[in-house]
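Note sheet for the following structure.
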């Protein structure tokens with residue numbers, strides 16, 4: 001029995017599965033911090049800020065990037081031949097890259113919520129820039145892995 005299709009399928013699952021873990025952890029970290037910041041703002045009689053939602057939502061995109069790579073890989077499963085290991089490697093690299101990008105984006109979002117609460121909302125542009133830098137890692141991971149998929153002979 002040839003295991004190469006299984007390796008390709010495992011790579012697909014890891015691409016989106018690990019990305020989703022990172023998105024969940026990142027959004028959870030930022031969400032807990034946002035809840036604390038909202039409570040602090042409410043105690044101080046300040047209006048509750050919507051900008052914390054941006055910090056919480058930012059890590060979710062990495063799951064989408066993992067899914068895009070999964071989708072690109074799915075077109076190769078019937079032609080996988082000797083490339084099952086390659087697809088597995090692409091899936092692992094995608095999953096880890098997206099997972100860590102989302103996780104760190106959540107850490108940045110959590111720190112950003114605390115900073116925005118303490119600074120009365122000042123410095124939001126800097127938080128967005130920091131979130132964007134972590135986001136760029138996820139985008140680069142997706143793009144580089146798509147290039148790897150296109151390098152597999154059809």
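Could you tell me which numbered condition residue 96 fails, if it satisfies all but one of (1) surrounded by fewer than 21 Cβ atoms within 10 Å (Cβ to Cβ); (2) touching a residue at least 60 places away in the same chain (Cβ under 8 Å); (3) over 11 Å from the mean Cα position of the chain (by Cα); (4) within 24 Å of residue 13 (Cβ to Cβ)?
(3)
Looking at the structure I just gave you, is residue 18 touching a helix residue (DSSP H, G or I) at 6+ places or on another chain (Cβ under 8 Å) and modelled with pLDDT under 95?
Spelling it out, it is not the case that residue 18 is touching a helix residue (DSSP H, G or I) at 6+ places or on another chain (Cβ under 8 Å) and modelled with pLDDT under 95.
Filter the range 42-67 down to the residues that are at negative phi and out of contact with any helix residue (DSSP H, G or I) (no Cβ under 6 Å at 6 or more places or on another chain) and list them by number.
Correct list: 42, 43, 44, 46, 47, 49, 50, 53, 54, 57, 61, 64.
If residue 87 satisfies all but one of (1) surrounded by fewer than 21 Cβ atoms within 10 Å (Cβ to Cβ); (2) in contact with a helix residue (DSSP H, G or I) (Cβ under 9 Å, 6 or more places away or on another chain); (3) more than 21 Å from residue 133 (Cα to Cα), what's the number of the condition it fails?
Only one criterion in (1) surrounded by fewer than 21 Cβ atoms within 10 Å (Cβ to Cβ); (2) in contact with a helix residue (DSSP H, G or I) (Cβ under 9 Å, 6 or more places away or on another chain); (3) more than 21 Å from residue 133 (Cα to Cα) is unmet by residue 87, namely (1).
Name every residue in the range 41-57 that is over 28 Å from the mean Cα position of the chain (by Cα) and either surrounded by 13 or more Cβ atoms within 10 Å (Cβ to Cβ) or part of a helix (DSSP H, G or I) (or both), in order of residue number.
41, 42, 43, 46
Based on this model, can you work out whether residue 31 counts as without any contact (Cβ under 8 Å) to a residue 40 or more places away in the chain and at positive phi?
No; evaluated as a whole, the condition is false for this residue.
Output the residue which, of all residues in the range 117-133 that are in contact with a helix residue (DSSP H, G or I) (Cβ under 6 Å, 6 or more places away or on another chain) and in contact (Cβ under 8 Å) with a residue 60 or more places away in the chain, is surrounded by the fewest Cβ atoms within 10 Å (Cβ to Cβ).
Out of the qualifying residues, it is 124.
Can you pull out the residues in the range 58-75 that are at pLDDT below 90 and surrounded by 21 or more Cβ atoms within 10 Å (Cβ to Cβ)?
none
The values are calculated or read from the model by the stated rules, or taken from the named source; none is laboratory data. This is a predicted model, so every value here is computed, not measured. Virtual Cβ from ideal backbone geometry, glycine too; neighbours counted across all protein chains shown.
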